[in-house]
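The values are calculated or read from the model by the stated rules, or taken from the named source; none is laboratory data. Just so it is clear, the model here is predicted, and its values are computed rather than measured. Note that we place each Cβ from the backbone using ideal geometry, even for glycine, and neighbour counts take in every protein chain shown. Just so you know, the surface numbers come from the protein's heavy atoms only, side chains and all, with ligands and any DNA or RNA stripped out. Shrake-Rupley method; radii C 1.70, N 1.55, O 1.52, S 1.80 Å.
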Amino acid sequence: MKLKFKNTDEYINHFLELIQLEREAEKEFHLNEIKNLTGKEREKKGRAILKLKGKYVGEMLGGFKIYRFYREDMPEHQIKVGDVVLISKKNPLKSGIEGTVLDKGKNFISVTLKQEIKNIEKGYWRVDLFVNDVTFKRMVEALYQISIGKSLFPVEFLLGEGNPYICEEKLEHIENKNLNQYQKEAVKKAVCSYPIFLIHGPPGTGKTTTLVEAIIQSVKKGEKVLATADSNTAVDNIIEGLLKYDINIVRIGHPARLRKELLNISLDYKVQEHKDYTKLQQIIKKINQLKQKQEEYLKPIPKRRRGLSYEEIVQFAQAGLKIRGIKIKKLKDMAKWIEIQKQLKKLFKERDKIEKNIIRELLNDAQVICATNSSTGGEFLKDKKFDVVFIDEASQATEPSCLIPMVKAKKAVLAGDHKQLPPTVLNPKAKDLTFTLFERFIKLYPEASYMLRVQYRMNDKIKEFPSREFYNNLLISAETVKDIKLSDLTGKKYTDPIINDVPIVFVDTKGEFPEKTKKGSKSKYNPKEAKLVKQVVEKLLKAGIKPEDIGVITPYKDHEEYLKNLIKDVEIHTVDGFQGREKEVIIISLVRSNPQEEIGFLDDTRRLNVAITRAKRKLIIIGDMNTLIKHSIYKKLIEYIKKEGQIVDFEQIGS
């Protein structure tokens, strides 16, 4: 993993190779699965839905067609709003049409497509989760901008040769009165320092809240701001913070990917509210009427034209002459189609001009433009320049992803936590992509970073171990959460270790629950441990803890699937799926139990950090102590729980 680069060429070539490797791996994953699994097998994995009926719903801005696919007994699936999917009847690899999921319900999924599907209501359809190639192309484009000297962000900092200017702005008026001293300090430095500043936000320290204040202060200075993150959820979290203030915000992104309650600040919504939108509507209405009329006439496809150009068809039709065996009626029919096409061409040009003018005006007037890293590389912001870009969750985004918005700004403020999980990378050869720009910068330019210290999530006993192990013992628990406990929710104190007020409990399975591996899988699962998790969940529910306040975390995908089949009441995810989340009670099922005392990727300390910092009032860890204590980090954790929490044997749990 490279910290520094000799020159721009080395930097660009390094990341071009990694991008290409990862692009191939992501596409290959879905293509191989579609190729090697039957539709039913892929449906079982939740990455396809079969036997869907389809219907046309309407059209949205930009000419996208909306189709709804539905069935009464819709199976559980992983397809989310905003995902790119393939629509097909039989073979997605041969006849699949790429679209984006706009909406989903219990029995349906709505998809937007650029092209029209004819006979949509005939037969059954299949929807497959696929891959989006756009982001990879935009990463390459960002590198190209650097190569031709068009990056606004100083390239010497990317190479590791920069010398950041660090200062502290004297802010007369902090907008958010609830900021603590560390958050204020981070804001003061972020607003003033140049051209980089890093806000290091450990779990629960209000990283996004701090970032929002820094954005507001930059706007007050008259700076043009771009605010981004790798995921739509993280972008929407920034927007929610900004909406409390009187700021002109425009959110860029496919409407399908935006949170419904934030649609009124989306570019699409603002276009429709613009004074010139009525003109646009009138033109679109004319276009639709002409298209409908055009369908009454013969389209001059090559087979009908017999080598004639459009101009020749019109000439011969007007002269009433038959040519190359084409009847006069057919010639006149095609000539009328061509005439309408000319009218449509003019209208399309007029529509595009008005639309571009509206968008240009809206973006020029915006004080803050918000988008995902990838979306900033789209057509809307092609020639836009910014004073500063704020990138949230930067420690979960690859460096090429961060470059997409960074090349458009003179300065970058990155917020994240490199002690939590890095971005997921599919290709082992592209592993260097997990070494993020945030982590590289914090090592290269430690003076340009500031760590937030007050956490507002966890009971102090839950906070203490990660603080010692990952944050140099610097975290401080806010008074509001320091002593929060389970009985605050149940209204009753219990002696049972699962529902008592001890904030952190380890349940030892004592080697009695051996792990298992499915045929052809690299993942693990543990049936007996899963049943114990179910008992723990039932006990918590019986004590009065709401299902939505309980989360079950496991490092292994196969164990997650096993748990989901067993437990229906609460949220269950892998560690990666719970990053950035929190629950009142977290149960961690560690799975590993074997005579070889191997724990595999549980040894990743960042994975452990994320898992144990999701809990607010109660953390219950289930695992085989003998397997775990051979590894230093788990040995320390168990020693800490012995001292500050409670260790119980699985037999003590009961039913």
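Tabulated data
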quantity: Under 21 Å from LYS244, Cα to Cα: lysines that are on another chain or at least 8 residues apart; calculated: LYS177, LYS184, LYS188, LYS207, LYS220, LYS221, LYS224, LYS260, LYS270
quantity: Average accessible area per residue (Å²) across the range 409-500 - probe 1.4 Å, nucleic acids and ligands excluded; calculated: 42 Å²
quantity: Unpartnered cysteines - no second Cys beta carbon under 4.7 Å - across the chain; calculated: CYS370, CYS402
quantity: Cross-link partners of LYS443 among aspartates and glutamates (Cα-Cα below 17 Å; sequence separation of 8 or more within a chain); calculated: GLU156, GLU161, GLU399, ASP417, ASP432
quantity: Virtual spin-label span in nm between LYS51 and GLU339, 7 Å along Cα→Cβ; calculated: 5.2 nm
quantity: Cα gyration tensor shape for the range 348-456, rounded if a/c is under 1.5, else prolate or oblate; calculated: prolate
quantity: Surface accessible to a 1.4 Å probe, per residue, for the residues of the range 527-614, Å²; calculated: 38 Å²
quantity: Those trypsin sites (Lys or Arg not before Pro) in the range 549-594 that DSSP places in a loop and that have at most 14 other beta carbons within 10 Å; calculated: LYS568, ARG581
quantity: Relative pair counts by distance (%), Cα atoms of the range 182-248, 5 Å bins; calculated: 3, 16, 28, 29, 19, 5, 0
quantity: ASN364 versus LYS642: modelled label distance in nm, points set 7 Å from Cα along the beta carbon direction; calculated: 7.0 nm
quantity: Per DSSP, loop trypsin sites (Lys or Arg not before Pro) in the range 452-503 with at most 10 further Cβ within 10 Å; calculated: LYS492
quantity: Partners for LYS327 among aspartates and glutamates (Cα-Cα distance below 19 Å; same-chain residues under 8 apart left out); calculated: GLU296, GLU311, GLU312, GLU339
quantity: Nearest-20 debye value, the range 190-305 charge dipole, Cβ charges on Lys, Arg, Asp, Glu; calculated: 960 debye
quantity: Positive-end extreme of charge dipole, the range 246-312 - chosen from HIS274, TYR297, GLY253 (charges on Cβ); calculated: TYR297
quantity: Selected from MET625, LEU152, PRO92, residue furthest toward positive end of dipole (the chain; charges at beta carbon); calculated: PRO92
quantity: Overall form of the range 244-288 per C-alpha gyration tensor (a/c, 1.5; a/b vs b/c); calculated: oblate
quantity: Trypsin sites (Lys or Arg not before Pro) restricted to the range 1-83 and DSSP loop, no more than 16 other C-beta within 10 Å; calculated: LYS2, LYS4, LYS6, LYS45, ARG71, LYS80
quantity: Cα-based Kirkwood hydrodynamic radius, the range 445-551, one decimal, Å; calculated: 17.0 Å
quantity: Dipole of the range 102-207 [Lys/Arg +1, Asp/Glu -1 at C-beta], most positive-end residue of ILE120, ALA142, PRO202; calculated: ILE120
quantity: Cα coordinate range in the range 16-165, projected on the principal axes (Å, largest first); calculated: 62, 37, 28
quantity: Alpha-carbon centroid distance for the pair the range 318-345 / the range 1-24, whole angstrom; calculated: 56 Å
quantity: Carbon + sulfur, % of accessible area of the chain - ligands and nucleic acids excluded, 1.4 Å; calculated: 47 percent
quantity: About the Cα centre, charge dipole magnitude for the chain (Lys/Arg +1, Asp/Glu -1 at Cβ), debye; calculated: 3520 debye
quantity: Read-out semi-axes √(5λ) of the Cα gyration tensor in Å, derived from the coordinates shown; its label in (i) 41, 34, 27; (ii) 38, 31, 26; (iii) 50, 33, 23; calculated: (iii)
quantity: Using a Förster distance of 56 Å, the FRET efficiency for MET1-ARG324 (Cβ separation, nearest 0.05); calculated: 0.25
quantity: Cα gyration tensor category, rounded, prolate or oblate, for the range 478-620 with a/c compared to 1.5; calculated: prolate
quantity: Simple Cβ-charge dipole of the range 483-569, Lys/Arg +1 and Asp/Glu -1, about Cα centre, in debye nearest 20; calculated: 460 debye
quantity: Modelled FRET efficiency - R0 22 Å, PHE348 with LEU61, Cβ distances, 0.05 increments; calculated: 0.95
quantity: Residue-normalised accessible area of the range 331-392, expressed per residue, 1.4 Å probe, Å²; calculated: 51 Å²
quantity: Of all DSSP beta bridges in the chain, antiparallel share, percent nearest 5; calculated: 35 percent
